[in-house]
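Heads up: the structure comes next, in structure tokens.
What follows draws every value from the coordinates through simple rules; no lab data is involved. Just so you know, these numbers come straight off a predicted model, no measurement behind them. All Cβ positions, even for glycine, are placed from backbone atoms using ideal geometry, and neighbour counts span all protein chains on display.
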Amino acid sequence: MGKGLDHYCPTVIITDDAPKADYQLEAWDTGAGPGRKPYKFTLFRNGDRVFSTETRSLAGAVKDVCGFISK
């Protein structure tokens, strides 16, 4: 996932210091299999959900998140 974020969001800085972060990302693979959209990503800002996506591929989820952040 880190390589995907670096590739699709080249201007985004990834940090584990929550007070410095603009967003918090929750990402998980439900194990449901690729035909069932197993990748679920949710972005939070100041504790509020601002974006979520469910995709069949990890790359698709990363692209969706980067597209939202880049707006």
| request: Please figure out what share of the DSSP beta bridges in the chain is antiparallel and state it in percent, rounded to the nearest 5. | output: 100
| field | Lysine pair number, Cα distance threshold 18 Å (strictly under), the chain, separation 8 or more or different chains | value | 5
| Proximal charge balance of residue 62 [Cβ under 15 Å; K/R count +1, D/E count -1] | 0
| note | Here the FRET efficiency for residue 22 versus residue 58, based on Cβ atoms and R0 = 30 Å and rounded to 0.05, is 0.85
| request: For segment 2-16, take each phi angle, set θ = phi - 60°, evaluate the Karplus expression 6.51 cos²θ - 1.76 cosθ + 1.60, and give the result in whole Hz per residue in order, putting x for glycine and proline. | output: x, 5, x, 4, 4, 6, 8, 10, x, 8, 8, 9, 8, 9, 9
| task | With springs connecting C-alpha atoms under 10 Å apart, model the chain as a Gaussian network and identify which of 48, 16, 29 has the largest mean-square fluctuation. | result | 16
| field | Shape call, the chain: gyration tensor on alpha carbons, a/c limit 1.5 | value | prolate
| said: Tell me the angle of helix 58-69 to the major Cα principal axis of the chain, expressed in degrees between 0 and 90 and rounded to the nearest ten. | reply: 30
| note | Relative contact order in percent for segment 2-69 (Cα pairs under 8 Å, 6+ apart) equals 27
| said: Could you give the length gained by full extension between residue 30 and residue 1, i.e. 0.36 nm per residue of separation minus their alpha carbon distance, to one decimal place? | reply: 8.9 nm
